[in-house]
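Report on the structure given below.
The values are calculated or read from the model by the stated rules, or taken from the named source; none is laboratory data. Keep in mind it's a predicted model, so treat the numbers as computed, not measured. We place every Cβ from the backbone using ideal geometry, glycine too, and count neighbours over all the protein chains shown. The area values use the complete protein model at the heavy-atom level, side chains included, leaving out ligands, DNA and RNA. Shrake-Rupley method; radii C 1.70, N 1.55, O 1.52, S 1.80 Å.
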Amino acid sequence: MVSLQQVRKTYPAPVRGQDPLLAVDTIDLTLADGQFCSLVGPSGCGKTTILNLVGGFEQPSAGRIAASGRSVIGPGPDRAVVFQEAALLPWMTVEANLAFALTLRGGRPAANTERIAQMMEVMGLTGFERHYPYHLSGGMQQRVAIGRALLTNPEVLLMDEPFGALDAQTRSDLQRFLLELWSRLNPTVLFVTHDVEEAILLADRVVVMSPRPGRIVDDIAVNLPRPRTWDAVLNREFGELRRQVLDALRPSDSRARRLS
Amino acid sequence: MGHSWKNRPGPAAEMADVAAAQGLWERTRPGYRQLVPWMVAVTLVLVWAGVAASGIFPKIYVPSPLRVVRDGATLATSGFAGVTLLTDVLASVGRISAGFIAAILVGVPIGFWMATSDIVFAAIDPMLQFLRPIPPLAYIPIMIIWFGIGELSKVILIFFCTIPIIIISAMSGVRGTQETRLRVARCFGATRWQVFRHVILPSALPEIFTGMRVAIGVAWTCLVAAEMIASQSGLGAMIHTAGNEIRTGVVFVGIIFIGLIGYTMELVIRLIEKRVIPWKGKA
Ligand SMILES: Nc1ncnc2c1ncn2[C@@H]1O[C@H](COP(=O)(O)OP(=O)(O)O)[C@@H](O)[C@H]1O
Ligand SMILES: [Mg+2]
C-alpha cells in the first residue's frame, strides 16, 4: 500500500527574493496493494515531484507519506524506480545491470543465477548477457531497466514516463510486456505519463492533476476487462474514459464546448 | 536509439539494426586513413631536407635530417658530454613517471573528497586556483633552494605542476555523475561505499583519463625547463648543453625524442583507456 496524506512540496525560490515555488499542494492519495495507478497532468504540474517523494529521494514540506506499511524517510528496496531514460550503468554488462540490486545485497550467490536467467528470458534478453547497454536499442535498454527494478520483487514500482522517449511500436510492445509482468508479480504501480491513452490502457485507476501547483482534480476508475490488448482502445467504454480524463485535464476547453 | 521497424521485431532484429549502423560507419571510413600520418611525416622530412640542402641557412642553424640521424646514432652509442642518449631518456622518463604517478595517487582522492564535501572544497579550491596560474618556471629557484639540484626537486616540480589538473578532473568527474544513476543505486539500498564503487568511480574515470592526458603534456614542459636549469642528465639538460655548444643536430635529436616519448605516453594512456573505459562517449 502507498499513501500520501495532505502532502505539499515547496521548492526554494529559483530567484532570490521571489516566493518559494509550490510544486504540489495537499495531495491525498491511497493506492491499494497491487493496484495499477496512472498519474496524468500537464507538464510541470508536479508528477515527477510526487514520484520523487514516494521514492524517498525528496522530503515533503508538509504531510505524511507511507509505503509498504512504513513511513517513507528515504529510498528503500521496497520501492523500485524506472525513469524515462533507462539509467543503466554503461560499465556493466546487460546481465550485471539486471542483477545490480542483487549484487548490492551481497555478491551473486548461485541461488540467484537461475532467477537472473529467468528474468533475462522473460525480458527477451537471452543471448545479450555479455553485451553492454550501448549495444542495445532504446527499447531494449528500457526493458533491462524494468527487469532490474522487478528482479527484487519490490512491493511498489514507481515509473516516471518510462516509455516517453520510445517510438510508437516499441512503446506498445513494452506496454503489453509491462502488463504481463505486473499480472505475474503484482506490485503496486504508480505510473506517470502524459499520454492519456497509455494511462487508461494500463491502469485500474487514472488520477488527474491540475497545472501547478499540482492538485488532484479527478480520480477515475478504469474497469475495462483484463488482460487488455491494445484494441481495447477501440472500445466505446474506452472512449468514454478518455473523454472524462481529457475533460479533467482541460476544464476550460470543455466549459467552452458546453457553452457554444 | 529511436529504432522503428515494420515487422514484428525480435531482439535479434534490433541488434542487427544497431550492428548494421555501426558496420556502415566502419565501411565508409577509407582504408588509407592510417597512411595519412606517415605521409605527413615523410613530407615534412622531405621539406626539411630540401631547406637544409638548399643552403639558404647556414648548416649550423638547420642541420640536415641525415646529420641529425648521425648525431642520434653517436648519442646512442658513445653519448654526449659523457652521457648516452638512453641514460638521458631514462632519467627524464623516470622523473616524469615518479612525479606524475604521485600526482595521481594524491590528486584523485583529493578531487573525490572535494567533490563530496563543501567544506573541503572551500578549504582547497582557493589554494588550487591561486597556484594554478603560476608558471612552473617560477617554482624552480625555490625548488632548488629547498630540495637541491638532485632528483627530488624535479619530481616535486612535476608533482606540483600536474596535481591541480588531476584534482580538477577527478572533482568534475565525480560532479558529472548522472543523478538518475545515483538514484538507481540508492533505491536498491546501496551503501555509501557501494554507490562510490559502482556508480561514482566509474562515472569519474573518463574525465580523470582526460586530465591525465593533459597533465602528461604539462609534465614534459615542466621537466625540460627544470632540467635546462639544473641538471647533469635528462633530455632537457642534453638540449641545454648542446645549445651552448651550438651542436644544433644534438638539440634536434633531443627535441625529436621528447616529442616521440610524449606521443608514446599518450598512446599508452589511450590504450589503457580503451581497456578500462570502453564505454566512453557511448553513454
Ligand atoms: N529540484 C527542484 N528545484 C526547484 N524547482 C523544482 C525542482 N524540481 C521540480 N521543480 C519545479 O516543480 C514543478 C513541478 O515539476 P515536476 O514534478 O518535474 O513536473 P512534471 O513531472 O509534472 O512535469 C516545476 O515547476 C518544476 O520547475
Ligand atoms: Mg516529469
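Please identify the trypsin sites (Lys or Arg not before Pro) of the stretch A:88-188 that satisfy two criteria: DSSP loop assignment and at most 13 other Cβ atoms within 10 Å. Which are they?
Hits after loop and neighbour filter: A:130.
Taking the 0 to 90 degree range and rounding to the nearest ten, how far is the long axis of helix B:248-276 tilted relative to the main principal axis of chain B, both from C-alpha atoms?
The helix B:248-276 is inclined about 10 degrees to chain B.
In peptide A:132-139, how many Cβ atoms from other protein chains are near each Cβ within 10 Å, on average?
So the per-residue partner count for this stretch is 6.
Give, as ranges by residue number, the residues of the stretch B:244-259 whose backbone N falls under 14 Å from the point 7 Å along Cα→Cβ of residue B:60.
Under cut-off, by backbone N: B:244-249.
What lysines could a cross-link reach from residue A:9, if we take a straight Cα to Cα line under 24 Å and drop same-chain neighbours fewer than 8 places away?
A:47
For residue B:207, tell me the accessible area in Å² from a 1.4 Å probe, rounded to the nearest 10.
80 Å²
Return an integer: the convex hull volume of the alpha-carbon atoms of the stretch B:65-276, in Å³ per residue.
Normalising the Cα hull of the stretch B:65-276 by residue number yields 131 Å³.
Among B:225, B:242, B:52, determine the one that fluctuates most according to a GNM of chain B built with springs between C-alpha atoms less than 10 Å apart.
Judging by the Gaussian network model, the answer is B:52.
Quick check: the angle from helix A:236-249's long axis to the longest principal axis of chain A, C-alpha only, nearest 10 degrees?
70 degrees
Kindly work out what percent of the DSSP beta bridges joining two residues of the protein assembly as shown are antiparallel, to the nearest 5.
55 percent
How many angstrom separate the Cα center of the stretch B:169-189 from the Cα center of the stretch B:66-111?
If we compute the Cα centre of each part, the gap is 39 Å.
Calculate the translational D of the stretch A:28-165 in whole µm² s⁻¹ from Stokes-Einstein, where the hydrodynamic radius comes from the Kirkwood formula applied to all Cα pairs, the temperature is 37 °C and the viscosity 0.692 mPa s.
Rounded to a whole number, D works out at 203 µm²/s.
Using only atoms on other chains, find how many Cβ atoms lie within 10 Å of each Cβ of peptide A:166-179 and report the average.
2
At residue A:153 and residue B:280, where each label point lies 7 Å from the Cα along Cα→Cβ, what is the point-to-point distance in nanometres?
Once both label points are built, they end up 4.3 nm from each other.
Straight distance only, please: which lysines reach the Cα of residue B:282 with their own Cα at less than 24 Å, same-chain residues fewer than 8 apart left out?
Those lysines meeting the cut-off are B:274.
Treating the angle as unsigned and between 0 and 90°, give the value, to the nearest 10°, between the Cα long axis of helix B:201-229 and the longest Cα principal axis of chain B.
10 degrees
Convert each backbone phi in the stretch B:42-51 into a coupling constant with the Karplus relation 6.51 cos²θ - 1.76 cosθ + 1.60 (shift: θ = phi - 60°), then list the ³J(HN,Hα) values in order as whole Hz, x for Gly and Pro.
Result, rounded to whole Hz: 4, 4, 4, 5, 4, 4, 4, 4, x, 4.
In the protein assembly as shown, if the dipole is taken from +1 on Lys/Arg beta carbons and -1 on Asp/Glu beta carbons about the Cα centre, which of A:90, B:149, B:97 is farthest to the positive end?
Working it through, the farthest residue towards the positive pole turns out to be B:149.
Where does the protein assembly as shown land on Rg(C-alpha)/(2.2 N^0.38 Å)?
Its radius of gyration relative to the 2.2 N^0.38 Å reference: 1.32.
What's the magnitude of the charge dipole for chain A around its Cα centre, counting Lys and Arg as +1 and Asp and Glu as -1 at the beta-carbon? Answer in Debye, nearest 20.
In total the dipole reaches around 420 debye.
Springs between alpha-carbon pairs under 10 angstrom, Gaussian network model over chain B: which of B:211, B:31, B:249 fluctuates most?
Of the options given, B:31 has the highest mean-square fluctuation.
Ranked from highest to lowest mean number of other Cβ atoms within 10 Å per residue, what is the order of the peptides B:32-42, B:127-137?
In descending order of packing, they fall as B:127-137, B:32-42.
Just counting partner chain Cβ atoms within 10 Å, what average do the residues of peptide A:94-105 show around their Cβ?
What the average comes to for A:94-105 is 3.
So which cysteines of chain B have no other cysteine's Cβ under 4.7 Å from theirs?
B:187, each lacking another Cys Cβ under 4.7 Å.
Divide the volume of the convex hull of the Cα atoms of chain A by its number of residues and quote the answer in cubic angstrom per residue.
153 Å³
To the nearest 0.05, how large is the calculated FRET efficiency for residue A:224 and residue A:66 if R₀ is 35 Å and r is the Cβ-Cβ distance?
The pair residue A:224/residue A:66 has a calculated efficiency of 0.75.
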